[in-house]
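The structure appears right after this line, and notes come after that.
The values are calculated or read from the model by the stated rules, or taken from the named source; none is laboratory data. Being a predicted model, the structure only gives us computed values, none of them experimental. Cβ placement follows ideal geometry from the backbone for every residue including glycine, while neighbour counts extend to all protein chains displayed.
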Amino acid sequence: MAMLRHRAASGAAGRAVPARLLLSSRSFADIIYREELERLGSAPGGPGIVHTLTRERPPPGWRGHARRIDASMLAEVGFPPAAAPKVFVCGPTTMVEAVAEALVGLGHEPGRVKTERFGATGGG
């Protein structure tokens, strides 16, 4: 979210850099920053925002996906490998690893796929 906010705050220079966000949420109610993302995505030159819901049935009129992120979805909504995009993947370890592997399988340069994992730390 910080990257998209910085992009918006940078004005025309920020909007000159294409950006897309594929956000996976368990349910419509779980979509974090939903209203802010809608505003950012609908602004002139705003980033493409694509949602997928993984656990609950989408609400009527839903225009996003309703499944876990897979190679087919990444190929459909992401930038093509030939564009040499920088790709940032953040989430639970198993999802991050699956998405990063799918991106490399689609032809993205491994060094351009940056990852950040979160989850349980194992502490007591």
Could you list, in sequence order, the residues of region 6-37 that are under 16 Å from the mean Cα position of the chain (by Cα), closer than 20 Å to residue 79 by Cα, free of Cβ contacts under 8 Å to residues at least 60 places away in the same chain and not in a loop (DSSP other than H, G, I, E, B)?
7, 20, 21, 22, 23, 37
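Conditions (1) surrounded by 15 or more Cβ atoms within 10 Å (Cβ to Cβ); (2) in contact (Cβ under 8 Å) with a residue 40 or more places away in the chain, marked per residue:
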site	(1), (2)
39	no, no
86	no, no
91	yes, yes
99	yes, no
108	yes, no
Looking at this structure, is residue 104 of a type in the set (A, V, I, L, M, F, W, C), without any contact (Cβ under 8 Å) to a residue 12 or more places away in the chain and surrounded by 13 or more Cβ atoms within 10 Å (Cβ to Cβ)?
yes
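Mind checking whether some residue in region 63-80 is at pLDDT below 95, assigned to a loop (DSSP other than H, G, I, E, B) and of a type outside the set (Phe, Trp, Tyr)?
Yes, because at least one residue in region 63-80 is at pLDDT below 95, assigned to a loop (DSSP other than H, G, I, E, B) and of a type outside the set (Phe, Trp, Tyr).
Report yes if some residue within region 37-59 is at positive phi and assigned by TED's automatic domain parsing to the domain that holds residue 105; otherwise report no. Reasoning before the result, please.
Start the filter on region 37-59 by keeping residues that are at positive phi, which leaves 45.
Still in the list and also assigned by TED's automatic domain parsing to the domain that holds residue 105: none.
The answer is no; no qualifying residue exists.
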Identify the residue in region 25-61 that is in contact with a Lys or Arg (Cβ under 7 Å, 6 or more places away or on another chain) and polar (S, T, N, Q) and, among all such residues, is nearest to residue 93 (Cα to Cα).
54
Looking across region 81-93 at residues that are outside any helix (DSSP H, G or I) and of a type outside the set (Gly, Ala, Ser), the single one that is farthest from residue 115 (Cα to Cα) is 85
Does region 44-65 hold any residues that are touching a strand residue (DSSP E or B) at 6+ places or on another chain (Cβ under 6 Å) and either loosely packed, with under 12 Cβ neighbours inside 10 Å or among the small types (Gly, Ala, Ser) (or both), and which are they?
48, 64
